[in-house]
Amino acid sequence: MSEDELVNRIVDVVFPAVKFSEGYDMDSVDQLLDQLESAASRGQPLQPIVMGAQLPTRKWAEGYDKGEVDRFLADIAGLPPVTESRPPEVQSRPVAPSVIEEKPSLMSRLFGRNT
């Protein structure tokens, strides 16, 4: 990708906004993009800037979608793609047999039905 194409990608990027989930502070992301645009236009490497970035997060206030920002920054800096972290799947444990034996109710004994 040429310098001009890289600068255009940085200038033209639009991130979706989130409000009720955690997102990056918009002003901080915009300042980082300005730094990246400046560095790209001078032909400087972007990886050190991206790796050193510390973006504050916001919850219950409008911010940029963290996943989208992370993927974009990794892509333009030539870093491995960001994958969303998911909680480990919970393994189901075998259920121990019940110690308490259930007896049929009076109604089921009289009428042969479960109640």
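For region 14-67, name all the residues that are basic (K, R) and closer than 21 Å to S2 by Cα. Outline the logic, then answer.
Residues of region 14-67 basic (K, R): 19, 42, 58-59, 66.
The one that is basic (K, R) and closer than 21 Å to S2 by Cα: R42.
With respect to the numbered conditions (1) touching a Pro at 6+ places or on another chain (Cβ under 9 Å); (2) under 20 Å from P81 (Cα atoms), which one is the sole condition not fulfilled by D25?
Here D25 clears every test but (2).
All but one of (1) of a type in the set (V, I, T); (2) within 19 Å of the chain's Cα centre (by Cα); (3) exposed (fewer than 13 other Cβ atoms within 10 Å of the Cβ); (4) modelled with pLDDT under 95 hold for V14; which doesn't?
The number of the failed condition is (4).
State all residues of region 5-52 that are of a type in the set (G, A, S), in contact with a helix residue (DSSP H, G or I) (Cβ under 8 Å, 6 or more places away or on another chain) and within 15 Å of E68 (Cβ to Cβ); if no residue qualifies, say none. Reasoning before the result, please.
Filtering region 5-52 for residues of a type in the set (G, A, S) gives 17, 21, 23, 28, 38-41, 43, 52.
Adding the requirement that they be in contact with a helix residue (DSSP H, G or I) (Cβ under 8 Å, 6 or more places away or on another chain) leaves 17, 23, 39-41, 43.
Listed by number, the residues that qualify are A17, G23.
Considering only residues that are in a helix (DSSP H, G or I) and either in contact with a strand residue (DSSP E or B) (Cβ under 8 Å, 6 or more places away or on another chain) or over 18 Å from G78 (Cα atoms) (or both), which ones fall in region 13-33?
Kept after step one, since they are in a helix (DSSP H, G or I), are these residues of region 13-33: 26-33.
Correct list: M26, D27, S28, V29, D30, Q31.
So F20 fits all but one of (1) under 19 Å from V82 (Cα atoms); (2) in contact (Cβ under 8 Å) with a residue 40 or more places away in the chain; (3) surrounded by fewer than 17 Cβ atoms within 10 Å (Cβ to Cβ); what number is the exception?
So F20 meets the others, but not (1).
The values are calculated or read from the model by the stated rules, or taken from the named source; none is laboratory data. As the structure is a prediction and not an experimental result, all values here were calculated from the model. Cβ coordinates were reconstructed from backbone atoms using ideal geometry, including for glycine residues, and neighbour counts include every protein chain displayed.
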